[in-house]
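Engineer: Here you go, one structure.
The values are calculated or read from the model by the stated rules, or taken from the named source; none is laboratory data. Keep in mind that this is a model prediction, so the values were computed, not measured. Because the Cβ atoms are built from the backbone with ideal geometry, glycine has one as well, and the counts that use them run over all protein chains shown. For the accessible areas, the whole protein counts, side chains as well, though only heavy atoms, and no ligand, DNA or RNA atoms are used. Shrake-Rupley method; radii C 1.70, N 1.55, O 1.52, S 1.80 Å.
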Amino acid sequence: MTNLLRVSFFAAVVSAAALGFGSATIQAANQMDRPQTFCNPLDLAYRFQLNAPSRREAADPTLVRFKGEYWLFASKSGGCWHSSDLAHWKFVEPTGLPLEDYAPTVDVLNGRMIFTAFETPGIYTTDDPLKGVWIKEADLKGYPDPAIFVDDDGHVYLYFGCSSDGNIEAVELDPQHGFKVIKGPVVCSPSDYAHHGWEVAGEDNRGDPHPDGSKQISPWTEGSWMTKHAGTYYLQYSAPGTQFKSYADGIYTATNPMGPFTYAPYSPFSHKPTGFIGGAGHSSITEDYNDHYWHVATMTISVRQMFERRLGLFPAGFTSDGHMFCNTYLGDYPQFVPGSQKNPAENNSPGWMLLSYDKPATASSALEQFPIKNAFDENIRTWWSSASGKPGEWLQVDLGKPCRIEAIQINFADQGMTNLGRMEKDSYRYYVQISDNGTNWKACFDRSDNLRDSPHDYTQLDKPETARYVRLVNVHAPGGGLFSVSGLRIFGNGLGKAPAPVKEVKVERYVSDPRQVHVSWQPVKGADFYIIRYGIARDRLFNNYQVYKTNQFDISSLNVGTSYFFSVDAVNDSDIDRATKMVFLK
């Protein structure tokens, strides 16, 4: 393991490029008290939408601090959530707000929250969001995908834009005179997919295929958000479309809130195109009460309907020279809850690996179109479904050897449900068992009496358990649906060796399209999959792709005229070999 990056459990000794795990992290995690963790997608009671087809949705999140708490607003949620720690959320159904509009945006002005949303013709305010009563403060021309920003000096700006191949624009509002426009609109950031590969439409940024054989390559530009840091204004925007796993946020910067703005060549700064659940666009960023930044983003399922989406939370930060970054490295694996790490943007992982990927599994029953393997393929867009929702339906995985189990995430698929609206007084009820031999079982945890709607239940065990088999057993499937799971994900350690280091990495930029590169490497012993990391400097490999069952991959998300460094990590159920060798690409 000579190439394995070693990190201390709490000490921030890694560079901002580390963003990952190491064996020292794993060892220390077992020697100290167990800090709490969470796992994306966030386990919220996502509301079923009010129209068919039945599907859950929350997206376009705004996260703000207010009076000692955090407040989270998301599209089509019928309300908002609040939390004292960014880990445990309570739902509030406000009155007086246009809750069925998309893209809610909130900031704080003079001790009051101010709110508007997608093409909402008004500004709404409250000084007590917990009570949940909002009043309409002023009329407002409706703006698509708005983002309110209150500067340090009390000036109020609104950024907006939501169109194909469009722009992000800005206006300044006058809060002293009914939030009337006093400056603008001005164009802040134009779409430029000809030079920004990550803006090109499609799952792989190569065009969105249509039934007629053509491809739509222009992006849907939207999802603005403004962050001010050390005197610089960071204007986020999203592309290429919310239905794609390639959905990401880019950055333009300025020294004035209305520009002129300059494109940040490290864009996209928030990017998660692979893994169990992808997407990290249309986001907001806020500083927590410990002076750390957190980025909450839209993640995509988009199977039953394009807007079937979830939320993810990632640590973020800035380098000393103002490079904004977001840590999405294995961003749907367990992470420490905010407040557990001194520098979460650099390393927020307990070092727990995925034990259940592509492992042999059995079940009580399975529908032909939803086979058992779908629950272990690391793809939230596929799922296993039993033939019924009756008590006793079960799903079982063989980890192949005794493993140390630290946490389990159960992602329910809602197969056969017809719910429209919030699921009330109904929930998945189930229990989990573990076994050494697949015959003799003992209880792991029990949700037989669960009353909470928990579609992405994540359970950190009170103490690690060693077992080879894990079984999930149904007690009750809600909404008249079937017992179905898109991911039964077991985290811990396989108690084996780290994979061998990756060698002979080759990166070739396509002459015909410099937005695209071909990356290849020699496969190594003991690797379950690989992670390609890349960025604009050796210590800034902030972007990544997880690659399964191949040793070559095409990346189409680069910027024309930008040089990059690449490396390839090897990953298995026990550890990560973090590459130290890098390939420079002009």
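Engineer: Please pick out the residue among LEU482, LEU420, LEU488, LEU472 that is within 23 Å of PRO41 (Cα to Cα), surrounded by fewer than 19 Cβ atoms within 10 Å (Cβ to Cβ) and of a type in the set (A, V, I, L, M).
Structural biologist: Criteria check complete, one pass: LEU420.
Engineer: Go through (1) surrounded by fewer than 24 Cβ atoms within 10 Å (Cβ to Cβ); (2) touching a Cys at 6+ places or on another chain (Cβ under 8 Å) for TYR545 and report which single condition fails.
Structural biologist: (2)
Engineer: Could you identify the single residue in SER302, SER320, SER283, SER340 that is open to solvent by 10 Å² or more (accessible area, probe 1.4 Å) and under 20 Å from TYR545 (Cβ atoms)?
Structural biologist: Working: SER320 fails: under 20 Å from TYR545 (Cβ atoms); SER283 fails: open to solvent by 10 Å² or more (accessible area, probe 1.4 Å); SER340 fails: under 20 Å from TYR545 (Cβ atoms).
SER302 is the lone residue from the list that is open to solvent by 10 Å² or more (accessible area, probe 1.4 Å) and under 20 Å from TYR545 (Cβ atoms).
Engineer: Let me ask you something else. If you scan region 475-518, which residues turn out to be out of contact with any helix residue (DSSP H, G or I) (no Cβ under 7 Å at 6 or more places or on another chain), more than 30 Å from PHE584 (Cβ to Cβ) and of a type in the set (A, V, I, L, M, F, W, C)?
Structural biologist: VAL475, ALA477, LEU482, PHE483, ILE490, PHE491, LEU495
Engineer: Where in region 324-412 are the strands (runs of 3 or more DSSP E), entirely inside, with at least 3 residues that are of a type in the set (Ser, Thr, Tyr), closer than 19 Å to LEU42 by Cβ and touching an Asp or Glu at 6+ places or on another chain (Cβ under 7 Å)?
Structural biologist: Where strands (runs of 3 or more DSSP E) fall fully within region 324-412, none carries at least 3 residues being of a type in the set (Ser, Thr, Tyr), closer than 19 Å to LEU42 by Cβ and touching an Asp or Glu at 6+ places or on another chain (Cβ under 7 Å).
Engineer: Please specify each residue of region 259-271 satisfying the condition of being farther than 23 Å from VAL150 by Cα and surrounded by 24 or more Cβ atoms within 10 Å (Cβ to Cβ). Outline the logic, then answer.
Structural biologist: Of the residues in region 259-271, the ones farther than 23 Å from VAL150 by Cα are 265-268, 271.
SER267, PRO268, HIS271 - these are the residues of region 259-271 that are farther than 23 Å from VAL150 by Cα and surrounded by 24 or more Cβ atoms within 10 Å (Cβ to Cβ).
Engineer: In region 37-79, how many residues are in contact with a helix residue (DSSP H, G or I) (Cβ under 9 Å, 6 or more places away or on another chain) and outside any loop (DSSP other than H, G, I, E, B)?
Structural biologist: Step one: of region 37-79, the residues in contact with a helix residue (DSSP H, G or I) (Cβ under 9 Å, 6 or more places away or on another chain) are 48, 54.
Next, from what is left, pick out any that are outside any loop (DSSP other than H, G, I, E, B): 48.
Going through region 37-79 one residue at a time, the tally reaches 1.
Engineer: Quick check on ALA345: is it more than 25 Å from GLY496 (Cβ to Cβ) and touching a helix residue (DSSP H, G or I) at 6+ places or on another chain (Cβ under 6 Å)? Even if it seems obvious, please write down each step before you answer.
Structural biologist: Values: more than 25 Å from GLY496 (Cβ to Cβ): yes; touching a helix residue (DSSP H, G or I) at 6+ places or on another chain (Cβ under 6 Å): no.
Considered against the rule, which asks whether it is more than 25 Å from GLY496 (Cβ to Cβ) and touching a helix residue (DSSP H, G or I) at 6+ places or on another chain (Cβ under 6 Å), ALA345 comes out as no.
Engineer: Pull out all pairs, ordered by first then second residue, where Cβ-Cβ is under 8 Å, the residues are six or more apart or on different chains, the first lies in region 448-464 and is within 21 Å of TRP89 (Cβ to Cβ), and the second is surrounded by 10 or more Cβ atoms within 10 Å (Cβ to Cβ) and acidic (Asp, Glu).
Structural biologist: Taking only residues 6 or more apart or on different chains, the pairs are ASP453/ASP426; SER454/ASP43; PRO455/ASP43; PRO455/ASP414; HIS456/ASP43; ASP457/ASP43; TYR458/ASP43; GLN460/GLU406.
Engineer: Which is under 30 Å from LYS67 (Cα atoms) and open to solvent by less than 10 Å² (accessible area, probe 1.4 Å), of LEU313, LEU330, LEU355?
Structural biologist: Among LEU313, LEU330, LEU355, only LEU313 is under 30 Å from LYS67 (Cα atoms) and open to solvent by less than 10 Å² (accessible area, probe 1.4 Å).
Engineer: Tell me the residue from ASP377, ASP332 that is farther than 20 Å from GLN460 by Cα and acidic (Asp, Glu), please. Write out each step before concluding.
Structural biologist: Values: ASP332 fails: farther than 20 Å from GLN460 by Cα.
One residue alone meets the criteria, ASP377.
Engineer: Within region 434-455, identify whether any single residue is open to solvent by less than 50 Å² (accessible area, probe 1.4 Å), modelled with pLDDT of 95 or more, among the hydroxyl-bearing types (Ser, Thr, Tyr) and in contact with a Ser or Thr (Cβ under 8 Å, 6 or more places away or on another chain), and answer yes or no.
Structural biologist: Yes - at least one qualifying residue is present in region 434-455.
Engineer: Applying the selection to region 221-268, what residues are of a type in the set (Val, Ile, Thr) and farther than 23 Å from ALA117 by Cα?
Structural biologist: Listed by number, the residues that qualify are THR232, THR253, THR255, THR262.
Engineer: For region 125-133, check the following and say yes or no: at least one residue is touching a Lys or Arg at 6+ places or on another chain (Cβ under 9 Å) and touching a residue at least 40 places away in the same chain (Cβ under 8 Å). Walk me through it before giving the result.
Structural biologist: We begin by selecting, within region 125-133, every residue touching a Lys or Arg at 6+ places or on another chain (Cβ under 9 Å); these are 125-130.
Now drop any that are not touching a residue at least 40 places away in the same chain (Cβ under 8 Å), which leaves 129-130.
Yes, the conditions are met somewhere in region 125-133.
Engineer: Here's another thing I want to ask about it. Sort out which residues of region 557-568 are over 20 Å from the mean Cα position of the chain (by Cα) and either surrounded by fewer than 22 Cβ atoms within 10 Å (Cβ to Cβ) or part of a loop (DSSP other than H, G, I, E, B) (or both), and write them in order of number.
Structural biologist: Within region 557-568, the first condition is being over 20 Å from the mean Cα position of the chain (by Cα), and the residues that meet it are 558-568.
The answer is LEU558, VAL560, GLY561, THR562, SER563, PHE565.
Engineer: Now a separate question. So which residues in region 214-258 are in a loop (DSSP other than H, G, I, E, B) and within 15 Å of ASP145 (Cβ to Cβ), if there are any at all?
Structural biologist: Here is the first cut: in region 214-258, the residues in a loop (DSSP other than H, G, I, E, B) are 214, 217-219, 230-231, 240-247, 255-258.
Listed by number, the residues that qualify are PRO219, PRO240, GLY241, THR242, TYR247.
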